[in-house]
Amino acid sequence: MDDGRLDLTPLKPDPEHVDRAAEAILARSRETLAGRKRMHASVWREIPGWERPLLATAALAALLSIVALIRVHPRVPGEQVATLSEVAGVPAAVAPWVDSNQPPDKASLLNW
């Protein structure tokens, strides 16, 4: 063992070699870095690309829902179709007010 200092100058890299290596690394990674930058740009920029697939999926879901509802609750000929307020369970005394889209008059509120 030698107690003297070790000479590490042969391990010191050449500055030109370091610059060339850094440029080569950056050149190879530019495409990957640009892709990451585009990916993190904005969610709002990605949404228009999904508009058509989302609309097609929504249309398919609506169609399947209609088919399922028709199979589960088939319409009987001559049966009266219930209003939305009746289906929602609104009391019969209140249903005409809901269906008319007009506020009830004070007299009918007092009679109720």
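Tabulated results
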| item | result |
| --- | --- |
| Output for the range 26-45, where each listed residue is surrounded by fewer than 10 Cβ atoms within 10 Å (Cβ to Cβ) and of a type in the set (A, V, I, L, M) | Ala27, Met39, Val43 |
| Residue under evaluation Thr83, criteria (1) over 34 Å from the mean Cα position of the chain (by Cα); (2) surrounded by 10 or more Cβ atoms within 10 Å (Cβ to Cβ); (3) β-branched (Val, Ile, Thr), criterion not met | (1) |
| Residue match in the range 80-97 (condition: at pLDDT 90 or above and either polar (S, T, N, Q) or out of contact with any Phe, Trp or Tyr (no Cβ under 9 Å at 6 or more places or on another chain) (or both)) | no |
| Check on Pro48, at pLDDT 85 or above and either loosely packed, with under 10 Cβ neighbours inside 10 Å or under 18 Å from the mean Cα position of the chain (by Cα) (or both) | no |
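The values are calculated or read from the model by the stated rules, or taken from the named source; none is laboratory data. The model shown is predicted, which means the values in this text are computed figures rather than measured ones. Neighbour counts are summed over all protein chains in view; Cβ atoms, including those assigned to glycine, are modelled from backbone coordinates with ideal geometry.
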